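> My questions all concern the structure below.
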Amino acid sequence: MIQKDHIKYEREYQGKSLRMIAQETSYDFRTVKKYADCDDWNEPIPRKRRGRPTVLDLVKPIIDQWLVEDLLENLMVPVTKLSSYQVIDLIYIT
């Protein structure tokens, strides 16, 4: 906590550059920039989400359909992870 305040003080009141503060404190430049630019430490930092789809996105509709069918039919044989993988393997991988 003291380092955060010190970095902010050095930048705002001493007028030092971020690179100079990074060299003096032996922190990475990006860390010094994050500490110097942040006004309120109680706000969460927004995270960027990747735009590309995951592997699971391809099979989510199939799994959802199976679950709905199982609920509607009230079958006694549950779908296991292994049997689900075998069906997905047959459809998409081979």
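> Calculate for the chain the 222 nm mean residue ellipticity that helices alone would give, adding -39,500 (n - 2.57) per DSSP H run of length 4 or more and normalising by residue count, nearest 500 deg cm²/dmol.
My calculation for the chain gives -15500 deg cm²/dmol from helical runs alone.
> With a cut-off of 8 Å between alpha carbons and a minimum separation of six or more residues, what is the relative contact order of the chain in percent?
Values: 25 pairs, mean separation 17.2, N = 94.
With pairs under 8 Å counted, the relative contact order is 18 percent.
> Okay, moving on. Among 41-47, 13-19, how do they line up from the highest to the lowest mean number of other beta-carbon atoms within 10 Å?
Numbers: 41-47: 6.3, 13-19: 11.9.
Descending mean neighbour count gives 13-19, 41-47.
> Same structure, new question: Quick check: pseudo-label points 7 Å beyond the Cα along Cα→Cβ at residue 28 and residue 58, how many nm apart are they?
If labels sit at residue 28 and residue 58, their model points lie 3.3 nm apart.
> Specify which labelled value, from (i) 3, 13, 23, 22, 16, 10, 6, 4, 2, 1, 0; (ii) 2, 10, 15, 15, 15, 14, 12, 9, 5, 2, 1, 0; (iii) 2, 10, 15, 11, 7, 6, 5, 5, 6, 8, 10, 9, 5, 2, 0, agrees with P(r) over Cα pairs in 5 Å bins from 0, in percent derived from the coordinates of the model shown.
(iii)
> At 7 Å along Cα-to-Cβ for each site, give me the label-to-label distance between residue 86 and residue 6 in nm.
In this crude label model, residue 86 to residue 6 measures out at 6.3 nm.
> Also, I was wondering about something else. What nm value, rounded to one decimal, do you get for the distance between residue 38 and residue 13 when each label is placed 7 Å out toward the C-beta?
It works out to 2.0 nm between the two label points.
> Also, quick follow-up: Using a cut-off of 13 Å between beta-carbons, work out the net charge of the residues near residue 21 (Lys and Arg +1, Asp and Glu -1, residue 21 not included).
Details: positive: 4, 8, 11, 16, 19, 30, 33, 34; negative: 5, 10, 12, 24, 28, 37.
Once all neighbours under 13 Å are counted, the net charge is +2.
Readers should treat all values here as calculations from the given coordinates under stated rules, not as data from a laboratory. Every value quoted in this text rests on a predicted model; they were computed, and no experiment measured them. Every residue, glycine as well, gets a Cβ built from its backbone with ideal geometry; the counts of neighbours run over all protein chains shown.
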